[in-house]
Amino acid sequence: MRKNSIISLASIMMLCLLFSSQSLTAQTSTPDPGYQLILANGTLTGDKTFEFDLLILDTDPSNPFELALLQAGILVSPAFYANGTVTASIVEGSSQLIDEQKPLAIQFAQAAGIVKIPSRTLKPLPKEAKPERRGTLIPAKVPGTRICRIKLTNTTAFTKAMPGLAFNFAKLPYQTTVSQYIDGVNTMLPCDEKTCVVKM
């Protein structure tokens, strides 16, 4: 009887460990958000001008990615522009998004060392309207769809230091956010070091 009790207790403990392991795996594994935001193709086009691309790529070809909103906060290393004053602009004609989503505004906040690109809100549709698609359909084709090419102009020559470009995910000084239309609903997606990368 005592032997059977010991065996039963051991079996219960094994089951508890199994369920705990499965629960931990479920908590630590996160689904693929289906996209990647990319900074790439950085180049000095002059001693006082630096340009780079902001791209978005569909990483899950089995699920079409329809872009809803995108706001970008891109940090720049102060060592790169030294004591100069920087202004940011969008290279004309560089965006591959549909006209309603092409970025129109951009700003460089000197004190925070960050490029700010606000999202464009699409006009609301009548309730009875049921369009097949509202946002840009992002293909799963490398290198990705160009949101825009960004130009930084400095009042002094850029230094030999690395630009140190990085996405900002905190609310301040300016947060990077991405949302997708899923079944017609504007759905916020996770933005972190895994989904937003720098490839320079």
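Out of the stretch 90-117, which residues are assigned to a helix (DSSP H, G or I) and either among the hydrophobic types (A, V, I, L, M, F, W, C) or surrounded by fewer than 17 Cβ atoms within 10 Å (Cβ to Cβ) (or both)? Give the derivation first.
Step one: filter the stretch 90-117 for residues assigned to a helix (DSSP H, G or I), giving 99-101.
Within the stretch 90-117, 99, 100 meet the criteria.
Just one of the numbered conditions (1) surrounded by 11 or more Cβ atoms within 10 Å (Cβ to Cβ); (2) modelled with pLDDT of 95 or more is not true of residue 170: (1). Within the stretch 179-200, the set of residues being loosely packed, with under 15 Cβ neighbours inside 10 Å and assigned to a loop (DSSP other than H, G, I, E, B) comprises 183, 184, 190, 192, 193, 194, 200.
Just one of the numbered conditions (1) of a type outside the set (Lys, Arg); (2) out of contact with any Gly (no Cβ under 6 Å at 6 or more places or on another chain); (3) touching a residue at least 24 places away in the same chain (Cβ under 8 Å); (4) surrounded by fewer than 17 Cβ atoms within 10 Å (Cβ to Cβ) is not true of residue 60: (2).
Give the stretch 131-178 a look and list any residue that's of a type in the set (A, V, I, L, M) and in a strand (DSSP E or B), or say none. Spell out how you get there, then give the answer.
As a first pass, look at the stretch 131-178 and keep what is of a type in the set (A, V, I, L, M): 137-138, 140, 142, 147, 150, 152, 157, 161-162, 165-166, 170, 172, 178.
Within the stretch 131-178, 137, 138, 147, 150, 152, 166, 178 meet the criteria.
Can you go through 188, 162 and tell me which one is in contact (Cβ under 8 Å) with a residue 24 or more places away in the chain, assigned by TED's automatic domain parsing to the domain that holds residue 41 and farther than 15 Å from residue 59 by Cα? First the steps, then the outcome.
Details: 188 fails: in contact (Cβ under 8 Å) with a residue 24 or more places away in the chain.
Selected residue: 162, the only one of 188, 162 that is in contact (Cβ under 8 Å) with a residue 24 or more places away in the chain, assigned by TED's automatic domain parsing to the domain that holds residue 41 and farther than 15 Å from residue 59 by Cα.
Enumerate the pairs (first residue in the stretch 78-103 and on the phi > 0 side of the Ramachandran plot; second residue anywhere and surrounded by 15 or more Cβ atoms within 10 Å (Cβ to Cβ) and part of a loop (DSSP other than H, G, I, E, B)) with beta-carbon separation below 8 Å, excluding pairs fewer than 6 apart on the same chain, so at least 6 apart or on different chains. Correct list of pairs: 82/158; 82/159. I'm checking my understanding of the structure. Among residues of the stretch 63-83 that are closer than 22 Å to residue 105 by Cα and over 18 Å from the mean Cα position of the chain (by Cα), which one is surrounded by the fewest Cβ atoms within 10 Å (Cβ to Cβ)? Ranking the qualifying residues of the stretch 63-83, first place goes to 77.
The values are calculated or read from the model by the stated rules, or taken from the named source; none is laboratory data. Being a predicted model, the structure only gives us computed values, none of them experimental. Neighbour counts are summed over all protein chains in view; Cβ atoms, including those assigned to glycine, are modelled from backbone coordinates with ideal geometry.
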